[in-house]
1. Here are some conditions: (1) surrounded by fewer than 18 Cβ atoms within 10 Å (Cβ to Cβ); (2) at pLDDT below 55; (3) not charged (D, E, K, R). T64 meets all but one. Which one does it not meet?
2. Taking the conditions exactly as written (of a type in the set (K, R) and either touching a Lys or Arg at 6+ places or on another chain (Cβ under 9 Å) or surrounded by fewer than 17 Cβ atoms within 10 Å (Cβ to Cβ) (or both)), does R254 satisfy them or not?
3. Considering only residues that are part of a helix (DSSP H, G or I) and either open to solvent by less than 10 Å² (accessible area, probe 1.4 Å) or without any contact (Cβ under 8 Å) to a residue 24 or more places away in the chain (or both), which ones fall in the range 225-239?
4. Evaluate the following for T782: is it open to solvent by 20 Å² or more (accessible area, probe 1.4 Å), among the polar types (S, T, N, Q), modelled with pLDDT of 75 or more and on the phi < 0 side of the Ramachandran plot?
5. Would you mind telling me which numbered condition in (1) modelled with pLDDT of 75 or more; (2) surrounded by fewer than 18 Cβ atoms within 10 Å (Cβ to Cβ); (3) in a helix (DSSP H, G or I) G733 fails?
6. Select, from L159, L189, the only residue that is in contact (Cβ under 8 Å) with a residue 12 or more places away in the chain and not in a helix (DSSP H, G or I).
7. Exactly one condition in (1) modelled with pLDDT of 70 or more; (2) closer than 23 Å to P609 by Cβ; (3) surrounded by fewer than 18 Cβ atoms within 10 Å (Cβ to Cβ) is false for G742; which is it?
8. Among the residues of the range 205-224, is there at least one that is surrounded by fewer than 24 Cβ atoms within 10 Å (Cβ to Cβ), outside any helix (DSSP H, G or I) and not small (G, A, S)?
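The values are calculated or read from the model by the stated rules, or taken from the named source; none is laboratory data. Only a predicted model underlies this, so the values are computations on that prediction, with no experimental measurement involved. Glycine also receives a Cβ, built like all others from the backbone with ideal geometry; neighbour counts cover every protein chain displayed. Surface areas here come from the heavy atoms of the whole protein model, side chains and all, with no ligands, DNA or RNA. Shrake-Rupley method; radii C 1.70, N 1.55, O 1.52, S 1.80 Å.
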Amino acid sequence: MGERHTPAPASPQTFEASSPRPTAHIDDTAPRRTRNLGDLTHAVAALVLAAVVIVLATYMRGITSGVESDARSAGKVLNWLMDVPASLLQQLATVVIVVGVLIHLLVNREWMQSAFSVIAMFCGYGAVRGVSLLLSHISNPVLLASMQSVGGNVGGGLLPDIYAGVGAFLTVAGPRRIRSSVRWGWNILYSVGIILVVVSWDSVVGLITSYAIGRLVGMLLRFIIGMQSKGLWGSQIIQTLRGIDCDCVSLIRRKGTNEESGILRATLDDDLIENSRIYDAVDARGRRYIVSVLDSQVHIAGYLNQLWQWIRLSGVPMRHDRSANDANHHHLSMILGLRNIGLDTPDVYGVVDGGESSILVFGADRAPLPCNLHTLSDDDSRRLMAYLSAANMRGYTHRRITPDTLARFENGTPLIAGWQNGDCASGGANATLDKVQLLTLLCALNGIDRSVATARSVWGDDVLLALTPFIQKAAVPAATRALAQWNRHMLKELRTAIQGIAPDDAPEPAETVTLSRFSIRSFIAITLSVIAVAVIFTQLRPNEVIAALTHAKPTMAVLCIVFSLIAWMGSAVSLGAFMERDKRDNVALFCSQAAQGFTAVSMPAGVGPAFVNLQFLRKNGYRNTAATAITSATWIIQALTTVMLLLIIGIFTGRSTLSGMIPTNTLITVIGIVTLLACAAMAIPAVRRMLTEKYLPIVATYARQLLDVLTQPKELTFAVLGSLVLNVATGLGFWASLLAFGCHTNPMETIFIFLLANTLGSAVPTPGGLGAVEAALTFAFTSVGVPAAVALSATLLYRVGFYWLRIPMGALAMKWLDAHNLI
């Protein structure tokens, strides 16, 4: 009749539940990385998408000529976007996304995930470059024209790399449903893509191809390395079960059951939940339970199977539960509904969700057992048919009756188990399909004649005759067709047997219902539809000309030194905003900023100001962590203000002509390498222990104080205003230098170009950026039309006012601060 599953012996590993209640005995295995079949499916979809886009771009470009004309006309509404500094926007978005996600991962101590995400980013960049080289080697003019972007060129830069690199990074760092930083990263990447397509910086074909390459690389890497389970384990399960009044004192994992995430495995102990983890539990009152834990990561295999049934069958509604929570909630409602109409069901206790897991609890004393399919009697068949008929009459349908679903209780009562794929309020087609599945299964087990005779006694001739149009291969599950007793002629013989019971005056049998969705005709129709949609969206290209230059305006020439002093005042306001009122001396603050000019002789740009600020704050009574937090906050505000000025001025002045100056992916490469080194260090237990025990408390204290500093609205406002004064005054200083040599320029454009070039030049670790700043400024303004001689002269004049004269002035300020014991 059947045998009950015997729980596996307890593992030596034991966890203790953290609860004020008596200690619970927990025997569980630690969570491990699992391979998600959905990742491989998404990788295949990305590959197909890239291939389809490339084929359409090559052979069907002419179809969209009219669409492109309409798009150019519609794009005039968004003319303000044509002035976006595209290359800057790409680099900024890349840094913001990668840094934000890495901070999220590293704060949660997910070292391996951080390392693999960075590796995926590098692989994405490499893959898109390789594909670009391959497509360029093919040398198809139509294909190259459809893919090439304004910022790219034929060769390794044919395709935009941001979507492949950042897309692969976000894919491995995901999933987005459990990490808000990843979700916002995707939103930023999508927004950047839309903007750059609208302004014709990137082509739609290139964008989609690059995105598909990134997803392909990310999904393959994610499938290979697996994803760490985020489900409930050990004491977490016990804590969650208390939410449904199930206070367990013992929880023992059954080993070797349903542990492969990509293969559908199930057992009757939890009513055939696919790929669940099964535990034997005992509560404080001695009641025994079977606890079934379904994780979202492994549920994907069942979800894909549901989708396949939905795609494969036409005209028959099929369920597809996307999440583990949806699946278990529906399963519980189906069992309770069947019990409500008087059918025997497993003793379900309740359902509870937590994290990425959903838990369905059954009573252990009434678990169904598998039927012995070789000894199934006619009476058993009759009772199974009656069971299904009772459910169908009340609108409940099973939709996947296989040999595994035939079960019985210890008292011999047969039942049909595993109703989680079915539904209530079902139509007649689903009920008929259920009967066909059960009838064909019984025919394979007991023979056609015996099964038809039993069906006549239970369902009646009219119902049996109505099944004939549905008796076809598409209606029979693969598990039934895999039985040894099955043969390919069985369905034809079954239809003949049923038609043999029809009376002589019965009408001609109805034509076979089309259940299988796939046919040559439907395949051609779907293919043509996909091609039509893809052609419309992949060939959309707005205006390709970006306005870059505007007319210059005159201004005064002698303000360079004055602007240098005003810049010091702005930085003093920015630092003083975070200082306490009783410790703030305006003269001392100004002198501390002036003293930074003296440190420029021996320290790289940016290092000197931070050093002076830190020493000045310490002398004013701030402890090391507080002084470091204020110094960091000042630096962060100034950096963010510079970036925001670049974006705002760039958008309204149209400066996208410095694309070649931006070191593509250099900064993000450095961030990635540093992250890999940090993750590798944290993977070594001794290093990780030293960092977490010795340095992490210091960093945590510093981070809390930095957060406190940055969350003061009034102080933050003054700091931002001071930073604005600093940046604008510095930019106007160079504008004044240009006018001094008779070169009239737009001050807003000058500020934008200056800030960008000066930032890049200052990144070189020479004292005060000496040499690098001069080269960057000269090249930048020469590239936008300023005569080379004028650009060089203006740069030298600017450096006299903002570097050389600041050295003696800074020395005097340093001496004054030292005399007053302020540095």
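1. Status for T64: all satisfied but (1).
2. So R254 fits the description; yes.
3. Correct list: I237, I238.
4. Answer is yes for this residue.
5. Of (1) modelled with pLDDT of 75 or more; (2) surrounded by fewer than 18 Cβ atoms within 10 Å (Cβ to Cβ); (3) in a helix (DSSP H, G or I), only one is false for G733: (2).
6. Values: L189 fails: not in a helix (DSSP H, G or I).
Unique residue meeting the criteria: L159.
7. Going through the list (1) modelled with pLDDT of 70 or more; (2) closer than 23 Å to P609 by Cβ; (3) surrounded by fewer than 18 Cβ atoms within 10 Å (Cβ to Cβ), G742 breaks only (2).
8. No, the conditions are met nowhere in the range 205-224.
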